[in-house]
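Please read the structure below before turning to the comments.
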Amino acid sequence: MGSVLVLRFLLVARMMGVVVPVFPPEAESAEKPSEHFLYQSKFDCLYLNGTERIRYIFRDIYDRQEFVRFDSDRGEFEAVTPLGEPIARDWNTRKDLLEDRRADVEGFCRHNYAIFEPFARSRQVQPKVKIAPSSYDSSSHNTLLICNVDGFWPSQIEIKWFRNGKEEDESRVFTTDLIRNGDWTFQMAVMLEAQPERGDVYACQVEHASFPEPVTVQWEPQSESARSKMWTGVAGIVLGLVFLAPGLVLYLKNKKGQRVISQPPGITLEADKINHQRQKP
Ligand SMILES: *[C@@H]1O[C@H](CO)[C@@H](O)[C@H](O)[C@H]1NC(C)=O
């Protein structure tokens with residue numbers, strides 16, 4: 001966490017240095033500022049080959065619209081919208097501002113790379129691996145099996161589908177793009193077009209730097225049918241009880257007159273308990 005704090009401090013310091021220059025009067029009159037406005041500065045460091053080739057772009061943004069920028073490839077300020085034209089002209093006459101921005105490649109981008117790169121290189125977060133069968137088509141027995149792999153770092157990962165221990169052909173496998181979650185983790189899904197048959201075992205295997213050895217999650221079509229059989233059984237029992245209960249009541253009623261219905265033992269007990277509790281206080 002210490003390294004991140006250093007970076008933040010640096011950002012704040014840089015920003016203050018940039019915001020100091022005042023808008024020239026012509027820019028102020030060009031557009032009346034609204035009551036609420038948003039002023040942003042962005043600093044992009046592009047590491048095109050580690051620190052061998054760094055491109056730095058500084059942007060000033062008013063009301064969500066970038067109006068002036070400094071691109072290290074160009075080496076001076078340039079206007080992005082008419083609002084930025086007088087500003088870029090003014091800032092380009094100021095040696096101190098130009099030198100500050102040109103020095104950012106070293107003092108800001110290269111400096112931060114030395115903080116971030118070791119952090120990013122040593123960071124390891126294990127993914128969660130889940131298999132989700134979707135869109136089961138009972139007529140063709142086609143199932144799309146989705147292997148969701150979420151929350152990993154670094155981005156390098158290998159995800160494979162196996163059927164009965166044999167790797168599935170690439171023509172049946174579809175991979176989503178690597179998704180950046182925005183919290184220093186990635187996710188990815190690999191889909192398999194399958195025709196599962198009873199007894200098949202499907203497996204999604206994930207190799208990642210955070211795992212000492214590949215992790216495998218299995219899926220069996222049987223477990224699905226077994227589950228449906230279980231629910232069929234449960235439904236059967238419930239239905240059976242629904243019909244059995246009135247039958248039993250009728251039978252007992254016929255046999256022993258009113259007794260069973262007017263004084264079921266359970267209810268009497270409950271009522272006793274409630275009365276008892278009410279009297280206590
Ligand atoms: C990246 O930099 C290394 C030197 O650190 C160089 O050998 C390599 O050719 C560069 N790669 C590209 C794609 O420019």
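Overview of values
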item: Computed magnitude of the charge dipole of region 62-196 (debye, nearest 20; Cβ of K, R +1, Cβ of D, E -1); result: 460 debye
item: Too-long pairs where the Cα-Cα distance tops 25 Å, listed order kept, from K130/K166; K160/K229; K128/K166; K42/K95; result: K160/K229
item: Distance between modelled label sites at S122 and H141, nm, 7 Å Cα→Cβ extension; result: 5.4 nm
item: By accessible area with a 1.4 Å probe, ligands and nucleic acids excluded, highest first: order of M188, M230; result: M230, M188
item: Label-point gap, in nm, between D150 and L250 - each point 7 angstrom along Cα→Cβ; result: 5.2 nm
item: Cα gyration tensor shape for region 44-141, rounded if a/c is under 1.5, else prolate or oblate; result: oblate
item: Backbone N under 14 Å from the D183 label point (7 Å along Cα→Cβ), restricted to region 141-160; result: 150-153
item: Inter-label distance, nm, simple model (7 Å from Cα along the C-beta direction), R102/S134; result: 5.3 nm
item: Interchain or long-range residues, amide H under 5 Å from E168's placed H; result: W161, F162, R163
item: Extension gain, D71 back to S210 (0.36 nm per residue minus Cα-Cα distance, nm); result: 46.3 nm
item: Highest-first arrangement of 41-49, 175-183, where packing means the average Cβ count within 10 Å; result: 41-49, 175-183
item: FRET efficiency, 1/(1 + (r/R0)^6) with R0 25 Å, evaluated for D63 and N92 via beta carbons; result: 0.60
item: Overall dimensions of region 90-181 by Cα: Rg and Dmax, Å; result: 23.7, 74
item: Space enclosed by the convex hull of the alpha-carbon atoms of region 167-207, per residue, Å³; result: 94 Å³
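The values are calculated or read from the model by the stated rules, or taken from the named source; none is laboratory data. Because the structure is predicted, anything quoted here is derived from the model rather than measured. All Cβ positions, even for glycine, are placed from backbone atoms using ideal geometry, and neighbour counts span all protein chains on display. Heads up: the accessible areas ignore ligands, DNA and RNA and are worked out on the full protein's heavy atoms, side chains in. Shrake-Rupley method; radii C 1.70, N 1.55, O 1.52, S 1.80 Å.
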